[in-house]
Each structure stands twice: as structure tokens, then as C-alpha cells.
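Undergrad: Just dropping this structure here.
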Amino acid sequence: MTTDTTSLRPSAARADAGAETTSAPARARRPRAQRRAQLTAWAFLAPVAIYLVLFYAYPLYKNVELSLRQYTVTSFISGDAPFVGLKNFQAVFTNPTFPPAIWHTAVFVLVSIAVQFALGLALAVFFHNRFPLSGLLRALFLVPWLLPLLVSASTWSWMMNSDSGIVNAFLESAGIGQINWLTSPTWSLIAVLVANIWIGIPFNLVIMYSGLQGIPEELYEAASLDGANGWQRFWRITFPLLRPVTAITLLLGFVYTLKVFDIIWIMTKGGPAGSSTTLAIWAYQLGFGNLLPDFSSAATVGNVLILVALVVGLVYARMQRRLEV
Amino acid sequence: MRTKTFLRITAVAAAAACTVAGLSGCSASSTGSNSNAAKGTYTFWDPYPQYDASSAWGKLVAKCGTDAGVTVKRTGYDTSDLTNKALLAGQQGKSPDVLLVDNPVVSTLAKSGILTDTGTNGLSTGSIAKNILGAGVIDGKTYGVPIGANTLALYYNPKVLQKAGVDVSSVKDWASLTAALAKVKASGGKGITFSGINTEEGSFQFLPWFWGSGAELTKLDSSKAEAALDLWKGWIDKGYAPNSVIQNTQTTSWQEFQSGDFAFGENGTWQKDSAKQMNAGVITIPAEDGGAAPVPTGGEFFTIPVQKDTARYAVTKKIVSCLSSGDNVVTTDNTLNYITASTSLQDKQLAADPSLKTWVEAVQAAKARTGDNLGVRYPVISEQLWTAVQKAESGSASPSAALQAAQQTVASKTSN
């Protein structure tokens with residue numbers, strides 16, 4: 001095909017160069033050649049386009065469709081679910097579970113990201129100064145990342161067990177007394193937050209550390225010569241130069257944390273009494289949590305999550321553009 | 001509709017693939033090979049992925065197929081996965097010939113219209129005990145037959161009771177049980193462990209006490225229901241039950257009991273071998289005023305999903321009958337730690353193993369969760385029930401307030 005187009009092009013050019021009046025057949029051939037070239041282009045695009053449609057666009061479309069129709073187990077099979085517009089969204093927004101779920105999601109995401117980022121950055125700066133065994137120590141900090149989520153969450157769940165967990169054993173020996181981490185509505189969200197922060201630190205550490213390595217050493221040397229102290233060097237050089245890396249870390253962190261499900265489900269199942277139910281947990285509870293699946297409501301909550309992530313993504317894109325200008 | 005869209009996309013994809021490859025010989029004719037599997041092969045889904053083809057269960061399924069003159073292709077799925085797999089298969093018109101599902105799911109699947117009732121598939125339910133069959137009966141139609149049943153009872157640790165000076169035969173009703181727990185605590189032991197988690201397991205474990213008080217699932221905020229929740233809440237508050245029951249699954253609750261510190265552990269038939277190893281005894285769960293409380297039945301049902309080719313039901317029926325009756329089902333139930341579903345077979349099972357006495361009694365006093373024609377209302381009620389239990393246990397609401405809220409939610413959800 002490629003040879004075809006190249007062999008055609010000179011002849012078409014020649015026809016153009018010739019008298020305008022005689023070019024009728026050549027003109028007919030030229031669009032054909034273009035069409036062929038275009039087809040070739042589409043053919044090369046096809047694999048990725050099909051992949052995107054099959055595995056991204058279609059499921060997304062189905063999810064939106066699920067949330068706009070009233071699916072029951074009966075209509076799920078027969079396929080005649082009535083179109084109800086935004087009624088499912090209205091039902092979700094007015095559901096008594098919604099306000100606390102939004103609040104828990106907001107607290108969970110913001111606190112997780114803030115603490116993970118602060119600790120990740122602090123550790124990155126710490127490890128940026130090489131010292132004996134720093135490589136080994138850094139590797140140790142990566143352990144949470146290497147463990148399957150199921151393992152880490154179960155382990156946290158055991159450690160935070162009210163009666164026989166090591167955390168409470170420690171607290172009791174320190175004279176503080178038993179805290180019902182996973183079984184009291186006051187503590188459950190904090191308990192899953194602690195576990196999630198622990199799991200998220202390595203991600204922040206690794207990205208911020210690699211960002212630090214992109215900052216030229218000379219800047220620090222020059223700053224030292226000018227008499228900048230360590231604190232000033234961090235706030236005037238490190239932090240501003242890390243801004244692009246920070247933005248992407250925060251964005252990825254936001255999306256990852258927004259959809260966190262495994263940790264909470266394994267540790268508290270969103271309980272007790274909904275005190276650690278985030279939007280992701282709620283969506284799962286609606287769809288698969290009891291014996292009678294409510295697909296439409298679950299898809300609706302899922303779409304709300306996607307919308308939130310989209311908005312944050314757009315904010316990021318805007319910020320990125322501003323940074324580049 | 002959905003299949004059509006999917007096919008169209010596949011066709012486009014295939015066409016595009018041809019373009020990419022630059023092949024000229026891409027024919028549009030389909031091969032037509034993905035219609036039903038070859039004749040004589042029957043598909044069978046069960047929630048026992050732990051048994052492979054070489055296990056006794058796997059061999060029995062194969063043999064029942066051979067006896068019916070066909071090959072059975074068996075697939076084991078995770079229980080929690082099976083409901084959605086079955087619904088999806090039903091939607092695509094690719095249901096298996098036999099579907100073995102957890103009994104409370106039968107009403108959901110029947111409601112969706114993917115199951116045949118005994119009027120269509122010809123299965124006989126003659127000797128099956130009514131209380132166990134109840135899970136498969138909706139509006140007078142029966143949508144399957146039980147493979148057997150398991151249920152809950154109260155395991156006790158004789159060592160802990162002896163130390164506390166409690167005679168287990170004195171435990172006859174709620175008052176005597178609570179008194180026993182007090183004595184155990186005073187002697188330095190731990191009282192009772194159960195699973196009060198916010199999933200179906202939590203409702204399953206609470207139901208013996210709920211029903212034992214005389215409460216009905218149709219009215220969650222009755223004073224009787226409150227008495228049952230007060231009982232659990234009181235145990236936690238007084239330290240007779242550990243705080244961890246709020247997040248205990250039945251497995252973690254059993255691990256607590258196995259630690260040897262607990263006097264009582266509410267758990268299922270499936271732990272009876274493990275109980276034997278630690279020399280634990282078992283009694284039926286007492287009702288508020290004595291006697292065995294109605295306990296919920298667990299265990300699976302054989303169901304026969306709707307097929308386009310209705311001629312298949314005759315063979316399918318033969319396979320299911322072979323698996324669900326006579327010595328075959330007794331053997332299976334013994335492996336699965338189930339009690340058989342028909343009274344005559346229960347006697348046979350008991351004669352072979354007298355240690356099953358408590359369990360047979362418990363199963364005879366048991367009730368199906370989706371029974372009483374609750375059907376698909378049960379999942380809604382159950383979710384509110386475990387939510388109320390969680391609220392009361394964790395102290396975020398009083399038992400009466402929690403149950404009232406639960407009943408209100410049920411009313412609003414089942415009305416439309």
C-alpha cells in the first residue's frame with residue numbers, strides 16, 4: 001500500500017504541473033490516492049482505537065446506561081429496564097447514606113494525601129543525602145508497596161483487633177487502655193486512614209525522590225555560597241523545583257485514594273454502622289453487598305466517583321497549562 | 001440487545017483486524033461454532049472450587065452424568081461470585097444446565113426469571129422437609145431442591161465451664177445462659193464469641209436469637225426483636241462477649257473459640273470436626289423461654305436454569321435426582337458436613353453417626369431465611385437487620401432506635 005501511494009504521487013503532481021484542462025482523469029485519481037492513504041492511516045490507528053472502544057468507552061457507556069435506567073434483577077435479564085433519566089442520581093443524593101459517605105470520602109482522601117505527601121517528601125529529602133545504609137533503609141520503606149493489599153490490610157486488621165491486637169496491647173502497657181479501632185464508630189475511619197497512609201508513603205517517597213534527583217546540585221552550591229540555610233534551601237529551591245512532580249503525585253494520589261476499596265473492605269467493611277463507608281465502599285455494597293444486587297444505584301455511585309476524578313483531572317490539566325506558560 | 005451491540009463491535013473489530021493485516025481473504029461468514037456445546041454435554045456450576053475432578057464430589061457428578069447418558073462439565077466458582085456469574089449468564093442466554101447455589105440466592109434468581117420451577121423441570125420434592133425446602137418456594141412454586149442443610153448451634157468448651165462450675169445441662173434459656181456467662185467471667189474465663197459483622201453472616205448469626213425471642217422478620221422493631229438485640233448488646237457491655245464480635249466473621253469467631261479461652265462459641269455444622277479435635281461439645285441454641293431456637297438454614301440448592309432447548313430438562317432432571325437422593329446425597333452431605341434434607345435420610349445419617357444428634361435436632365427446628373414467602377424481600381430486610389445490629393453493638397444507637405430505623409428503611413424500600 002505504501003508503495004502504491006508513493007508511486008501515484010509523482011504522476012498526480014505531474015498532472016498538476018501540466019495544463020489544467022487535461023487533468024480530468026488525474027483529478028479523479030488523486031482523491032482516490034488520498035483516500036487510500038487515509039485508510040492506511042486508519043488501519044494503523046485501528047488496534048488502539050478498537051482497544052479503547054472495547055475496554056474503555058463501551059464499559060463506561062454501559063455504566064452510564066445502568067445509572068440512567070431502573071435495573072432490577074428481572075429487567076437485568078430481560079433487558080427491558082425503563083429509562084428513568086436522573087432519578088437514580090436524585091435517589092443517591094437524597095439517600096441518608098450519601099452525606100456521611102461524601103464526608104468520609106473527603107476526609108479519607110484529603111488526610112491520606114496530605115500525610116502521605118508530607119511524609120513521603122520528608123523521607124525523600126532525608127534519603128537524598130546519602131549516608132551509610134541509606135539504600136537498605138530506603139528499600140525497607142518500599143515494603144508496604146510490595147505486599148499485596150490483602151496481606152497488608154489483614155495484618156493491620158489483626159494488629160488493630162480490639163481485644164487481642166498488638167496495638168492495644170502496646171497502648172495498655174503504656175497505660176492508655178483499650179481503643180476499639182475497628183469496632184467503634186469514632187475510631188474506624190482513623191484506623192483505615194492509618195493503614196492507607198502507611199501503604200501510600202512508598203509511592204510518594206519514590207516519585208519525590210526521583211524528582212529530587214532532577215534538581216541540579218549547582219543550585220544548592222550557589223545557594224550555600226549566598227548563605228542560604230537548610231530551611232531556605234528547601235523552601236526556595238527544592239520545593240519550587242519539585243512543583244511539576246508534586247502536581248502529578250497529588251493527582252495520582254487523589255485518584256488512587258478516591259477509589260480505595262480493598263483496605264477499608266477488609267478492615268471494617270465500611271462499618272461499624274457506616275462510620276467508614278466511603279463512596280467506593282457504598283457502590284460495592286449496593287452492587288454486591290447483599291443477596292439482591294442493585295446494579296443501577298451502584299452504577300450511579302460509581303459514576304459520581306468518576307465525575308469527581310474527572311473534575312480533579314481537569315483542574316490538574318489547567319494547572320499544568322498555567323505552569324507551562 | 002446487548003449481545004447484538006457486542007456482536008456488532010466484534011464484527012467491526014474483526015473487519016478492522018482484516019484491514020490491518022492487509023488480508024484479502026477475510027470472509028464475512030461466521031463459523032457458527034459458538035452455538036451450544038456439543039450435544040451430550042451438560043454444564044454444571046457449583047460453589048465448591050475446593051473439589052477438583054478427582055475428588056469424591058467431582059467423581060459423583062461425573063458418574064451421575066454418565067448414568068444419564070451424557071457428559072457433565074463441572075465448574076466450581078467462589079460462592080460470592082456465583083450469583084453474579086449466574087445473572088450474567090442468564091442475561092446472555094448461556095445459563096448452565098444445573099446451578100448449585102446458596103439457598104437464600106434461589107429467590108433472587110427465581111425473581112430474575114432465569115430458573116425453572118418443578119412444574120417445568122419435573123423434579124420431585126416429595127420427601128424433603130418443608131422447613132428446608134422453604135428457601136426454594138416462592139408464591140407456591142418450588143425452584144429447586146436442597147443438597148442438604150447446615151445450621152448454627154452453640155459449641156462449648158467443657159474445660160472453661162468446669163473451671164467456672166457451670167453444668168452445661170443447666171443452660172436451657174437466655175437467662176440461664178447469661179447466668180452461665182457471668183460465672184465464667186467471674187472465674188477468669190471469657191464468655192461467648194459470635195459473628196456480629198455487617199454482612200449476611202451477621203444476620204445469619206443473629207437470627208437464632210431474633211427468632212428465638214419470637215420476633216418476625218416482617219416486623220424488625222417489635223419488642224421481641226429488641227429483647228434479642230438487648231441480649232447481644234448486654235453481653236458486649238458486660239464483657240461476656242468480646243468487642244471484636246462486631247467485626248468477627250464466623251471464621252475469626254471460630255479462631256477465638258479455638259484459642260481455648262471461651263466458654264461458648266456460636267458456629268456452624270461445618271466446624272464439627274474441628275470441634276471434636278479440641279474436645280468441644282455442642283448444644284442447640286436456646287430460645288428466650290427455653291427449647292431449641294429456630295436457626296437459619298445454610299446450604300445449597302440444585303436449580304435448573306431456563307434453557308432455549310427445553311428437551312434438555314429431562315436429562316438434567318435425571319442428573320439432579322441422582323445427585324440429590326439416596327445414598328449419593330448421604331455420602332455427599334457427610335463430606336460437606338451437611339445434614340440431609342429429608343427426614344428418612346436424616347435418621348439414616350444419625351444411625352451411622354450418633355454424634356450428629358444435636359445437629360439433626362437443630363436442622364429440624366431450622367427455618368429458611370427467604371421462607372415465609374419473603375423471597376427477595378429477605379435481602380433488603382437482612383441488610384437492615386445487620387445494620388441495626390452493628391449500630392447497637394458499636395453503641396452508635398440504642399437497640400430500639402436502631403431497629404426502628406431499620407424497619408422504616410425496609411418499609412420504604414419494599415413499598416416501591
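Throughout, read-outs are computed from the coordinates displayed, never taken from laboratory work. These numbers were taken from a predicted model, which means no experiment stands behind them. We place every Cβ from the backbone using ideal geometry, glycine too, and count neighbours over all the protein chains shown.
Undergrad: What does the charge count near B:Ser400 come to, summing +1 for each Lys or Arg and -1 for each Asp or Glu among other residues with Cβ under 10 Å from its Cβ?
TA: Details: positive: none; negative: B:Asp221, B:Glu226, B:Asp230.
With Lys, Arg at +1 and Asp, Glu at -1, the net is -3.
Undergrad: Determine, at each q value in 0.17, 0.19, 0.28 (inverse angstroms), the log₁₀ of I(q)/I(0) that the Debye formula gives when each Cα of the stretch A:161-213 is one equal point scatterer.
TA: -0.63, -0.70, -1.03
Undergrad: Right, another one. If each residue's Cβ is checked for other Cβ atoms within 10 Å, how do A:Arg236, A:Arg130, B:Arg369 rank with the fewest at the top?
TA: With the fewest neighbours first, A:Arg236, A:Arg130, B:Arg369 line up as A:Arg130, A:Arg236, B:Arg369.
Undergrad: I've got another one for you. In deg cm²/dmol and to the nearest 500, what is the mean residue ellipticity at 222 nm of chain A if only DSSP H runs of at least 4 residues count, each as -39500 (n - 2.57), divided by the residue total?
TA: Helix-only estimate at 222 nm: -22500 deg cm²/dmol.
Undergrad: Fewest to most neighbouring Cβ within 10 Å: what's the order for A:Met267, B:Met278?
TA: Values: A:Met267 26, B:Met278 14.
Least crowded to most crowded, the residues run B:Met278, A:Met267.
Undergrad: If neighbour count is taken as other Cβ atoms inside 10 Å, put A:Tyr284, B:Tyr378 in order from fewest to most. Could the numbers behind the result be given before it?
TA: On the way: A:Tyr284 20, B:Tyr378 26.
Lowest to highest Cβ neighbour count: A:Tyr284, B:Tyr378.
Undergrad: Could you work out the per residue convex hull volume over the alpha carbons of chain B, in cubic angstrom? Mind showing how you got there, number by number?
TA: Numbers: hull volume 71.9 nm³, N = 416.
So the per-residue hull volume is 173 Å³.
Undergrad: Distance from the Cα centre of the stretch A:231-251 to that of the stretch B:109-165, in angstrom?
TA: Distance between centres, Cα-based: 63 Å.
Undergrad: Name the most mobile residue of B:Gln384, B:Gln205, B:Gln50, meaning the one with the largest mean-square fluctuation, in a Gaussian network model of chain B with Cα contacts below 10 Å.
TA: Top of the fluctuation ranking is B:Gln50.
Undergrad: Quick one: work out the % antiparallel among DSSP beta bridges in the protein assembly as shown, nearest 5.
TA: Of those bridges, close to 65 percent are antiparallel.
Undergrad: Further question: May I have the extent of the alpha carbons of the stretch A:150-191 along their three principal axes, as whole Å values ordered from largest to smallest?
TA: Here the spans come out as 31, 20, 14 Å, largest first.
Undergrad: Give me the extension gain from B:Asn84 to B:Ala352: residue separation times 0.36 nm, minus the current Cα-Cα distance, reported in nm with one decimal.
TA: So the chain would gain 92.7 nm between B:Asn84 and B:Ala352.
Undergrad: Dividing the alpha-carbon radius of gyration of the stretch A:198-266 by 2.2 N^0.38 Å (N being the number of residues), what value is obtained?
TA: Normalised Cα radius of gyration, the stretch A:198-266: 1.45.
Undergrad: What percentage of all Cα-Cα pairs in the stretch B:124-204 are separated by more than 17 Å?
TA: Result: 63 percent of Cα pairs exceed 17 Å.
Undergrad: Next question, about the same structure. Dividing the convex hull volume of the alpha carbon atoms of the stretch A:96-324 by its residue count, what do you get in Å³ per residue?
TA: Taking the convex hull of the Cα positions in the stretch A:96-324, it is 157 Å³ per residue.
Undergrad: Right, next: So what is the diffusion coefficient of the protein assembly as shown in µm² per second by Stokes-Einstein at 20 °C and 1.002 mPa s, using a Kirkwood Rh over Cα pairs?
TA: Here the translational diffusion coefficient equals 71 µm²/s.
Undergrad: What does the convex hull of the alpha-carbon atoms of the stretch B:274-325 project to on average, in nm²? Spell out each step's value before the answer.
TA: Details: hull surface 27.6 nm².
Averaging across all directions leaves 6.9 nm² for the Cα convex hull.
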